[in-house]
1. Do you know which residues across segment 106-124 are of a type in the set (Asp, Glu) and part of a helix (DSSP H, G or I)?
2. I'd like the residue in segment 48-79 that is open to solvent by 50 Å² or more (accessible area, probe 1.4 Å) and not in a strand (DSSP E or B) and, out of all such residues, is nearest to Ile8 (Cα to Cα).
3. Determine which member of the set Thr32, Thr52 is more than 16 Å from ligand 2 (Cβ to nearest atom) and either at negative phi or in contact (Cβ under 8 Å) with a residue 24 or more places away in the chain (or both).
4. Quick check: anything in segment 54-63 among the β-branched types (Val, Ile, Thr) and either under 21 Å from Cys134 (Cβ atoms) or near ligand 1 (Cβ under 9 Å from one of its atoms) (or both)?
5. With the condition kept exactly as written, say whether any residue in segment 27-39 is surrounded by 14 or more Cβ atoms within 10 Å (Cβ to Cβ) and over 18 Å from the mean Cα position of the chain (by Cα).
6. Consider segment 7-26. How many of its residues are within 9 Å of ligand 1 (Cβ to nearest atom) and polar (S, T, N, Q)?
7. Search segment 90-108 for residues being in contact with a helix residue (DSSP H, G or I) (Cβ under 8 Å, 6 or more places away or on another chain) and farther than 22 Å from Arg56 by Cβ, and hand back the single one that is least open to solvent (accessible area, probe 1.4 Å).
8. Which of the numbered conditions does Gln11 fail, given that it passes all the others? Conditions: (1) modelled with pLDDT of 95 or more; (2) under 19 Å from Ile72 (Cβ atoms); (3) open to solvent by 60 Å² or more (accessible area, probe 1.4 Å).
Amino acid sequence: MNLNELLISHQILAGSNKVFSGTVNNLNKESTEVIYKPQAGEKPLIDFLQGTLYIREFVSYLISQTLGWPNIPETIIRKGPYGIGSVQRLIKYKNQENYFSLLNNFPNELIKIAIFDLVVNNADRKGGHFILDCNNILWSIDHGLTFHHIFKVRTVIFDFEGEKIPKILLNDLSNLLEQLTNGECLINKINPLITNSEFAALKNRINFLINNPYIPHLNPFYNVPTPLI
Ligand SMILES: Nc1ncnc2c1ncn2[C@@H]1O[C@H](COP(=O)(O)OP(=O)(O)O)[C@@H](O)[C@H]1O
Ligand SMILES: [Mg+2]
């Protein structure tokens with residue numbers, strides 16, 4: 001995205017935090033519709049450092065780009081009318097979908113999202129955090145509660161428990177680990193954005209999945225988001 005001024009269209013009341021839709025114009029005056037989550041609009045949480053959720057949205061995007069999956073709309077950090085925040089390309093959809101309505105038709109995409117959530121330690125994978133666009137491409141959204149150094153995955157995705165992680169995805173995980181260990185480019189981008197212990201825990205989780213290549217059994221009482229959708 002080539003961005004200059006961000007104009008807010010309206011507030012999206014479905015968000016747990018202050019979430020806005022808006023447009024940004026590039027130099028050719030073409031406008032892109034975006035979702036803007038300013039740091040100033042983040043609700044305090046007990047377990048995540050105040051004012052860091054927009055950063056986690058961006059780091060999640062960087063991880064998805066390195067893995068090659070899942071589809072997360074292009075995300076950057078920039079200033080808007082309410083200050084610095086995450087700005088993500090808005091995905092238009094036909095119908096409101098959720099995990100349960102998508103499960104039968106998109107198992108290959110959803111298993112990637114399940115593995116991704118284990119990698120980034122997603123503490124808030126609600127049933128509505130999926131968008132099916134007009135071309136039938138499935139997108140994953142809302143990755144603010146990620147990268148905590150303590151394992152706290154909370155998810156609605158329990159259907160792949162015990163399944164072996166496909167070899168092709170394991171290769172992608174190995175490549176990601178290599179980039180996070182020796183790839184200066186990715187390390188230099190991520191290091192200033194999360195803490196050292198969060199960075200170390202990220203690498204440990206990937207290493208664990210490579211050495212134990214199965215989707216783990218999670219606890220249906222503790223590892224679920226509230227609300228579910
Ligand atoms: N990239 C996106 N494209 C389209 N709609 C989005 C996108 N990101 C968020 N939304 C919409 O905004 C709502 C609130 O966003 P969400 O990411 O859940 O915010 P919060 O971080 O406050 O939980 C979502 O339920 C969805 O309807
Ligand atoms: Mg949300």
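1. Initially, segment 106-124 is screened for residues of a type in the set (Asp, Glu), giving 109, 117, 124.
Within segment 106-124, Glu109, Asp117 meet the criteria.
2. Just the residues of segment 48-79 that are open to solvent by 50 Å² or more (accessible area, probe 1.4 Å), to begin with: 49-50, 65, 68, 71, 74, 77, 79.
If we keep only those that are not in a strand (DSSP E or B) as well, we get 49-50, 65, 68, 71, 74.
Working: Leu49: 26, Gln50: 24, Gln65: 27, Gly68: 30, Asn71: 25, Glu74: 18 Å.
For segment 48-79, the residue satisfying everything is Glu74.
3. Working: Thr52 fails: more than 16 Å from ligand 2 (Cβ to nearest atom).
Exactly one residue qualifies, and that residue is Thr32.
4. Initially, segment 54-63 is screened for residues among the β-branched types (Val, Ile, Thr), giving 55, 59, 63.
With the extra rule that they be either under 21 Å from Cys134 (Cβ atoms) or near ligand 1 (Cβ under 9 Å from one of its atoms) (or both), the set shrinks to none.
Checked segment 54-63: no residue is among the β-branched types (Val, Ile, Thr) and either under 21 Å from Cys134 (Cβ atoms) or near ligand 1 (Cβ under 9 Å from one of its atoms) (or both).
5. Within segment 27-39, the subset surrounded by 14 or more Cβ atoms within 10 Å (Cβ to Cβ) is 32, 34-39.
Right, trim to over 18 Å from the mean Cα position of the chain (by Cα) and you get 32.
Yes - at least one qualifying residue is present in segment 27-39.
6. Matching residues across segment 7-26 total 3.
7. First, the residues of segment 90-108 that are in contact with a helix residue (DSSP H, G or I) (Cβ under 8 Å, 6 or more places away or on another chain): 99, 102-103.
Adding the requirement that they be farther than 22 Å from Arg56 by Cβ leaves 102-103.
Details: Leu102: 3, Leu103: 40 Å².
Once the filter is applied, the top-ranked residue is Leu102.
8. Among (1) modelled with pLDDT of 95 or more; (2) under 19 Å from Ile72 (Cβ atoms); (3) open to solvent by 60 Å² or more (accessible area, probe 1.4 Å), Gln11 violates only (2).
The values are calculated or read from the model by the stated rules, or taken from the named source; none is laboratory data. Predicted model, so just to flag it, every value in this text is computed and none were measured. Reconstructed Cβ throughout: ideal geometry from the backbone, glycine too, with neighbour counts over all protein chains shown. To get the accessible areas, we keep the full protein, side chains included, count just its heavy atoms, and leave off ligands, DNA and RNA. Shrake-Rupley method; radii C 1.70, N 1.55, O 1.52, S 1.80 Å.
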